[in-house]
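For reference, the structure discussed in these notes is given below.
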Amino acid sequence: LLREVIHSSGIFIPILAIYFGVPIVALFILVVVALYTVSELTRVKGKHLPFFATVTRLAASQSELCQFTLAPIYFAVGILLTLVFFPAPASSAAIAVFCLGDSAASLIGGTISRKALPFNRAKTLEGSLGGFLLAFLAGSIFVAPWLALVGAGVGMLVEYLPLPVNDNLLVPIVTGLVLTILITIH
């Protein structure tokens, strides 16, 4: 649950970017990634930085705790690249779709059903539908409903596909790219 709360809190990044500007928020993300990296390097050596080590211990899976945990770095870098390379509101909607859609899919899929989807046995129909709905609602905060619908569809499709690249990188970037193209041609 803590992991998904952290993941969904990424929706505040576009809001912070609106108030403080993209460069300040990007710098903040870089600083947090650097601190997290130092914490993980010390954690795998048996030492602990108080805040980050505690959060990692509470949010990581058992298998992640046995090694350097990369998922938060993929998460931060996916958001950072989307924020920097795509203009608002496409970047904002893509980050919102990613953060809330992925969290909802994980929570709903993990608690309501164990019916795996074809081609990706780690995903469930209920999780994907719940993720799609919350991704749509989150995207609608920043873009027109039809764009949020497309963004949610793209986000959930990329999440569903068993791709070799971490979905925390791909979902916001691919969604941001598609939304930027649609906003530009519309």
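The values are calculated or read from the model by the stated rules, or taken from the named source; none is laboratory data. Quick caveat: nothing in here was measured; it's all calculated off a predicted structure. Here the Cβ is made from the backbone with ideal geometry for all residues, glycine too, and neighbour counts use every protein chain on show. Protein only, heavy atoms only, side chains kept; ligands, DNA and RNA dropped before computing areas. Shrake-Rupley method; radii C 1.70, N 1.55, O 1.52, S 1.80 Å.
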Phe86 modelled with pLDDT of 95 or more, within 15 Å of the chain's Cα centre (by Cα) and not aliphatic (A, V, I, L, M)
no
Restrict the check to the stretch 43-60 and report whether at least one residue is open to solvent by 60 Å² or more (accessible area, probe 1.4 Å), over 30 Å from Val143 (Cα atoms), among the small types (Gly, Ala, Ser) and part of a helix (DSSP H, G or I).
no
All-but-one check, Ile29 against (1) open to solvent by 40 Å² or more (accessible area, probe 1.4 Å); (2) over 17 Å from Ser106 (Cβ atoms); (3) of a type in the set (A, V, I, L, M); (4) under 15 Å from the mean Cα position of the chain (by Cα), failing number (1)
Regarding Ser91, is this residue assigned to a helix (DSSP H, G or I), closer than 18 Å to Asp167 by Cβ and in contact with a Leu (Cβ under 9 Å, 6 or more places away or on another chain)?
yes
Scanning for something touching a helix residue (DSSP H, G or I) at 6+ places or on another chain (Cβ under 7 Å), over 19 Å from Pro164 (Cα atoms) and aliphatic (A, V, I, L, M), does the stretch 117-129 turn up at least one residue?
no
Within the stretch 62-83, is even one residue touching a Pro at 6+ places or on another chain (Cβ under 9 Å) and among the β-branched types (Val, Ile, Thr)?
yes
Expected single match for closer than 22 Å to Ala34 by Cα, open to solvent by 30 Å² or more (accessible area, probe 1.4 Å) and not in a helix (DSSP H, G or I) among Phe75, Phe68 is Phe68
For the stretch 85-115, name all the residues that are under 11 Å from Ser128 (Cβ atoms) and without any contact (Cβ under 8 Å) to a residue 12 or more places away in the chain.
Lys115
Within the stretch 98-186, considering only helices (runs of 4 or more DSSP H) that don't extend past its boundaries, which have at least 1 residues that are crowded, with 19+ Cβ neighbours inside 10 Å, modelled with pLDDT of 95 or more and among the aromatic types (Phe, Trp, Tyr)?
125-139
Return the total of residues in the stretch 7-21 being touching a helix residue (DSSP H, G or I) at 6+ places or on another chain (Cβ under 6 Å) and open to solvent by 50 Å² or more (accessible area, probe 1.4 Å).
1
